[in-house]
1. Past 26 Å, Cα to Cα: identify those pairs from 16/140; 21/136; 8/136, in the order given.
2. Would you please classify the overall shape of region 4-128 from the alpha carbon gyration tensor, given that a ≥ b ≥ c denote the square roots of the eigenvalues, rounded means a/c under 1.5, and beyond that prolate means a/b larger than b/c while oblate covers the rest?
3. If each residue of separation counts as 0.36 nm, what is the full-extension length gain between residue 77 and residue 133 once their alpha-carbon separation is subtracted?
4. In whole Hz, with x marking every Gly and Pro, tabulate ³J(HN,Hα) for region 40-57 from phi via Karplus 6.51 cos²θ - 1.76 cosθ + 1.60, θ = phi - 60°.
5. Remind me, what semi-axes does region 66-178 give for its equivalent ellipsoid, largest first in whole Å, using sqrt of 5 times each Cα gyration tensor eigenvalue?
6. Karplus couplings for region 63-78 from phi (6.51 cos²θ - 1.76 cosθ + 1.60, θ = phi - 60°), rounded to Hz, Gly and Pro as x?
7. Find out how many positive minus negative residues lie around residue 35, taking Lys and Arg as positive, Asp and Glu as negative, among other residues whose Cβ is under 15 Å from that of residue 35.
8. Kindly write out, for region 19-29 in residue order, the coupling ³J(HN,Hα) from the Karplus curve 6.51 cos²θ - 1.76 cosθ + 1.60 (θ = phi - 60°), rounded to whole Hz, with x marking Gly and Pro.
Amino acid sequence: MASQEAIKNAIDRATKTLTAKPEAGRVTKTATVEWVDGLRCVASEGGFSVTCDMPAAMGGDGGEPGPGHLSRSALGVCQTISLAIAFARHSVAFSGLRVRVEVDMDAGGGLGIEGAAKGYAATRCIVELESDADPKLIDKAMGDAWSNSQIGNVFSQPVPLSCELHLNSGHAAAELRRG
């Protein structure tokens, strides 16, 4: 397990590098998702993969996490890591950290039911922290963590979304854009 000092040193090195060469931080990341059967698919990126499915009530087998699980988990993981980094940078000692992600949603939106809202209506992160540090220092670190969270910013800021169709290994003329 990396110590707060090791985390702070690594983040300071990365910050120094990307401050000197900002173009090094401007990258395109790609995840590939391949359909397996039914509603099951496998998402892969950078040597890691996760199998996904939908609950039986939605036509899946229910044996794997669905996309909603992954989106909420991605936010929670990013917020937790962002907090751990910010606490290391601000020398906030802690012995326990848990982030719970709650969303308000209408499941009918994903089924195209008329009048049902699509997406999340609200998203909340609830932080449970075990620390004897100065609450003002904790508050400063939390502010830094929230503003620097990549996934948190994806959730809180509209981002253009486009979709290209390559049909039968060719490029289709239609391109869908949202955002």
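Just so it is clear, none of the values below were taken in a lab; they were calculated from the coordinates. Since this is a predicted model, take the numbers as computed values, not measurements. Every residue, glycine among them, receives a Cβ derived from its backbone with ideal geometry; neighbour counts consider all protein chains shown.
1. Violating the 26 Å Cα-Cα cut-off are 21/136.
2. Prolate.
3. Residue separation times 0.36 nm, minus the Cα-Cα distance, leaves 17.9 nm.
4. 7, 8, 10, 9, 9, 6, x, x, 10, 8, 9, 8, 10, 7, 10, x, 4, 5
5. 36, 17, 11
6. Values, residue by residue: x, 9, x, x, x, x, 4, 5, 5, 5, 5, 4, 5, x, 5, 5 Hz.
7. Neighbour charge sum, excluding residue 35 itself: -4.
8. Couplings: 6, 6, 9, x, 5, 5, x, 8, 10, 10, 9 Hz.
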